[in-house]
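The values are calculated or read from the model by the stated rules, or taken from the named source; none is laboratory data. These numbers come from a predicted model, not from an experiment. No Cβ is skipped: glycine too gets one built from the backbone with ideal geometry, and neighbour counts run over all protein chains shown. When the accessible area is computed, the model is the full protein with side chains, heavy atoms only, and any ligands, DNA or RNA have been set aside. Shrake-Rupley method; radii C 1.70, N 1.55, O 1.52, S 1.80 Å.
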Amino acid sequence: MRKVRIGVIGCGNMGSNHVKSIMGGKVPAAELCAICDVSEARRETLKKMFPDVPIFSSAEELMDSGLCEAVLIATPHYDHPRLVIEALEKGLHVLSEKPAGVYTKQVREMNEAAAKTDRVFAIMYNQRTNPAYQKLRTMIQEGQLGHIKRVTWIVTHWYRPQAYHDSNVWRSTWKDEGGGALINQNPHQLDLWQWMFGMPDKVFARVCFGKYHNIEVEDDLVALFEYENGTMGEYITSTGEAPGTNRLEVACDMGKIVIENNQMLFERNVISEREFEKNNTLPFGKPECWKCLLPVDVSGGEQHQGIIQNFAEAILNGTALLSPGEEGIRGLTISNAIHLSGWTGETVDVKNFPHDRFYALLQEKIRNSNIEKHVKEQTVDTAGTY
C-alpha cells in the first residue's frame with residue numbers, strides 16, 4: 001500500500017511524539033521522510049535516534065527538498081499560519097498542530113491561501129476522535145435532545161505549576177505564545193464546543209491574568225456564551241486548580257447529558273420537558289426521567305494518530321477530513337472573543353468579530369509586556385505541550 005511521505009516541522013514535545021508515532025508504525029498510511037528543527041542540539045539528538053531520516057535546520061529547506069508530499073507543522077503558535085501558507089504555495093499537503101494561530105486576522109489569511117489550492121489541509125484537533133463527543137454531536141444533529149437550554153463546561157484539569165511556566169522562555173508570554181490557558185490548553189475544548197453546539201453569537205468573560213502564577217497571561221476565567229435561539233453557555237477553565245475537573249453538562253428539552261469521569265450519562269425525560277409543561281396541572285409535577293449510561297468509549301479514541309491517519313487517507317483516497325484546517329478559525333474566534341471581553345469588560349459580538357481591533361490590542365499587550373519572567377531552563381522548544 002502506498003504511504004504518504006510526510007515531513008515533520010518542529011520536533012519539540014508534540015513534534016517528537018508525532019515522529020515516534022509515524023516511525024513506530026502507528027500511522028499505517030504515513031511514512032516519515034524528513035524532519036527539521038531550529039535547535040542544533042535537538043537535531044544532533046534526532047540524528048542519533050533516526051539515522052536514516054534526513055534532518056534539516058529550517059522549514060524552507062525541508063519543503064524545498066522534494067522528499068515530502070505533505071508536512072506536519074508542530075512549531076510555536078505564531079508560526080503556524082505563515083508556515084501553512086508557505087507549504088500550500090509550494091504544493092504540499094498540510095497538517096498543522098493546534099491552535100490555528102494566535103489571532104483571527106492571521107488565520108483568515110491562511111484560510112484564504114488554502115482556498116486557492118487543491119491541497120489537503122487539516123488541523124490537529126485530536127479530541128474530535130473521542131467517541132463520547134462524536135456521539136453527543138450526532139445526537140444533537142439528529143434532534144434527539146430537542147432544544148439545548150444550557151451548556152456548562154468546567155475544564156480545570158489543566159493544572160500547571162510555576163515550574164511549567166518557567167521551563168521555556170517562550171511559555172506564557174504575549175510575545176512568544178500569544179496567551180495562556182486559552183491558547184495553549186483550551187483550543188481543544190473550544191473547538192469541540194463549536195463543533196457540537198455551534199458558534200455562540202455573543203461572549204462575555206471575566207479573565208484573570210497571572211492570578212495563580214508569575215505570568216502575564218491568563219490562568220483563570222469564566223465566560224458566558226449567548227445564542228440567538230436562547231441557549232446559554234458557561235465555560236470555566238483554570239490552570240491553577242488541583243485537583244481539577246473536566247465536566248461537560250448539557251441541559252436540554254429531553255433531559256440532561258453529563259460527560260465526566262470516563263462516563264456518558266443521559267438523564268432522559270420520557271417526554272420532552274416542553275411537551276410536559278403544556279399539559280401538566282400539578283404544582284410540583286415533573287417529567288418521568290430515566291438514567292441511561294450510554295455505551296460509548298469515553299477514554300479518548302485514536303487521538304493524534306487517528307488525525308494523522310485520517311489526513312493521510314484524505315490524500316490517498318479522498319477520505320473526508322475529521323478536522324479540516326479551515327475550521328481552526330472557529331475555536332480561535334471564541335478564544336479571541338474571551339480575551340477581548342476580558343481586556344475591555346465588553347460583551348463581544350462574535351458574528352461581527354472585530355479582527356483588526358483585537359490584533360491592535362494584542363500588539364499593545366506585546367509592546368507593554370514588562371513582567372520579570374524567571375526562566376530556569378533556557379531551552380527553545382519548538383512545539384507546545386498541552
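Relative contact order, whole percent, for the chain stands at 23, derived from Cα pairs under 8 Å and 6 or more residues apart. Per residue, the solvent-accessible area of the range 1-136 (1.4 Å probe, heavy atoms of protein chains only, all protein chains present) comes to 39 Å².
Residues considered: Val270, Val38, Val250. Largest GNM mean-square fluctuation over the chain, using C-alpha springs under 10 Å, is found at Val270.
Working from label points 7 Å from Cα in the Cα-to-Cβ sense, the Ser58 to Lys20 distance is 3.0 nm.
When only Cα pairs below 8 angstrom with a gap of at least 6 residues are kept, the range 55-117 shows a relative contact order of 32 percent. Simple point charges give the picture: +1 on the Cβ of Lys and Arg, -1 on the Cβ of Asp and Glu, and for the chain a dipole about the Cα centre of about 440 debye. On the range 244-302, 49 percent of the accessible area sits on carbon and sulfur atoms, based on a 1.4 Å probe. Applying 0.36 nm per residue to the separation of Gln141 and Lys286 and subtracting their alpha-carbon distance, the gain on full extension is 49.6 nm. Once both labels are positioned 7 Å from their Cα atoms along Cα-to-Cβ, the gap between Gln303 and Asn13 label points is 1.3 nm. Note on Lys3: lysines with a C-alpha under 17 Å away, same-chain residues under 8 apart excluded, are Lys20, Lys26. Note on the chain: with a GNM built from Cα contacts shorter than 10 Å, the maximum mean-square fluctuation among Asn126, Asn269, Asn186 falls on Asn269.
Within the listed set Arg367, Arg150, Arg330, the Gaussian network model of the chain (springs between alpha-carbon atoms below 10 Å) gives the highest mean-square fluctuation for Arg367.
Each Lys and Arg Cβ is given +1 and each Asp and Glu Cβ -1; about its Cα centre, the range 1-132 then shows a dipole of about 480 debye.
Label-to-label distance for Tyr359 and Lys47 is 4.1 nm, based on points extended 7 Å past Cα in the beta-carbon direction. For Lys135, which lysines qualify as cross-link partners when the Cα separation must be under 18 Å and same-chain residues fewer than eight apart are set aside? Result set, ordered by chain and number: Lys256, Lys291.
For the chain, the longest principal axis of the alpha carbon atoms and the long axis of helix 13-23 meet at an angle near 80°. In order along the range 321-328, the Karplus-derived 3J(HN,Hα) couplings, from 6.51 cos²θ - 1.76 cosθ + 1.60 at θ = phi - 60°, round to 6, 6, 9, x, x, 5, 7, x Hz, and Gly and Pro are given as x.
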